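Chemist: Got a structure here, written out as structure tokens. Questions coming.
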Amino acid sequence: MIDASVLDLRSYNPVVKVLAPVPAMIVLIGTRDLATPALFALVALVMLLAGGRLTGRTLFWAIAGPPLLVAVMTVSFGVWTDPARVDDTTALLEIGPFTLWSGALLTGLATGLRVTSVMLLALIAGLTTEGADLVRSMISHLRMPYRIGYAGLAAMRFVPRFGKDLEIIRLAHRVRGVDGGRGPVAAVRRYGGYSVPLLAGAIRHGDRVSLAMEARGFGAYPSRTERHRVPLRARDAVLAVWFLAVCLLVPLVAVPHLSGALG
């Protein structure tokens, strides 16, 4: 019986999930046909839906986002493509001063598929990896200096803290009757008033983090014992081999006369 955790992308090593799709991204940079990026996007999307354990809004955008992005980029790149650089100059659609040519549409579609494929490959790690686990894995397996790694992790924790501090500052302004008025100019003025206390809070928080790291001996020793280890297992090697196999098989499956090669 297959272990259910094998199908869960969250159970794989974060460094492997980040590095394994890189060869596929390199292949996508050099491709100009339609079938190759479409197949890469399909593989990445199936992996996300099957093993990403996505729910709610994340699941909705994982399904609806890629087609929407492809459509927007197809039209955007299509109307800006120079018709002199495409073979088929049949006019398909006129949008004000812009004309969407048939050949330009294929160029835009190929670009949209490539960008979407790279995005989906990056989301395999992005949606199934915790920042702390990635840092620990990089320290353990890529020999990143732990002082740098944990300093970066502390900086990442600033983002949600900024949100809480901003909400407290807004409430304080509201209680004190500070009202900058309405409209975009007033909004800019209000956020300008928020910036000084936010900066002061960030400096205080950074000082506390620095003192805490010094008190715990960060940087005093060449290595550090991790309480929560992120191991490399056989399944991680299988995942890396899987991505290499995909890089080899997808271009073979993408038959030129079916892929709409652009040359």
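Chemist: Whether any residue in segment 9-21 is crowded, with 20+ Cβ neighbours inside 10 Å and more than 26 Å from Asp133 (Cβ to Cβ) is what I want to check.
Modeler: no
Residue by residue, here is whether (1) surrounded by fewer than 18 Cβ atoms within 10 Å (Cβ to Cβ); (2) modelled with pLDDT under 85 holds:
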| residue | (1), (2) |
| --- | --- |
| Ala91 | yes, yes |
| Glu94 | yes, yes |
| Pro97 | yes, yes |
| Thr111 | no, no |
| Ala122 | yes, no |
| Ser137 | no, no |
| Ile148 | yes, yes |
| Val159 | yes, yes |
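Chemist: Now, a different point. Is it the case that some residue within segment 64-71 is under 21 Å from the mean Cα position of the chain (by Cα), part of a helix (DSSP H, G or I), in contact (Cβ under 8 Å) with a residue 24 or more places away in the chain and more than 21 Å from Ala125 (Cβ to Cβ)?
Modeler: Step one: list which residues in segment 64-71 are under 21 Å from the mean Cα position of the chain (by Cα), which gives 64-71.
Retained after the next criterion (residues that are part of a helix (DSSP H, G or I)): 64-71.
With the extra rule that they be in contact (Cβ under 8 Å) with a residue 24 or more places away in the chain, the set shrinks to 66, 69-71.
From what's left, more than 21 Å from Ala125 (Cβ to Cβ): 70-71.
Yes, segment 64-71 contains a residue that is under 21 Å from the mean Cα position of the chain (by Cα), part of a helix (DSSP H, G or I), in contact (Cβ under 8 Å) with a residue 24 or more places away in the chain and more than 21 Å from Ala125 (Cβ to Cβ).
Chemist: Return the residues of segment 5-39 that are hydroxyl-bearing (Ser, Thr, Tyr) and more than 28 Å from Ala110 (Cα to Cα); say none if nothing qualifies. Full working, then the answer.
Modeler: Of all residues in segment 5-39, those hydroxyl-bearing (Ser, Thr, Tyr) come to 5, 11-12, 31, 36.
Of everything in segment 5-39, those that are hydroxyl-bearing (Ser, Thr, Tyr) and more than 28 Å from Ala110 (Cα to Cα) turn out to be Ser5, Ser11, Tyr12.
Chemist: Looking at this structure, is Thr55 among the hydroxyl-bearing types (Ser, Thr, Tyr), surrounded by 14 or more Cβ atoms within 10 Å (Cβ to Cβ) and modelled with pLDDT of 85 or more?
Modeler: Details: among the hydroxyl-bearing types (Ser, Thr, Tyr): yes; surrounded by 14 or more Cβ atoms within 10 Å (Cβ to Cβ): no; modelled with pLDDT of 85 or more: yes.
Taking the combined requirement at face value, the residue does not satisfy it.
The values are calculated or read from the model by the stated rules, or taken from the named source; none is laboratory data. These numbers come from a predicted model, not from an experiment. Cβ coordinates were reconstructed from backbone atoms using ideal geometry, including for glycine residues, and neighbour counts include every protein chain displayed.
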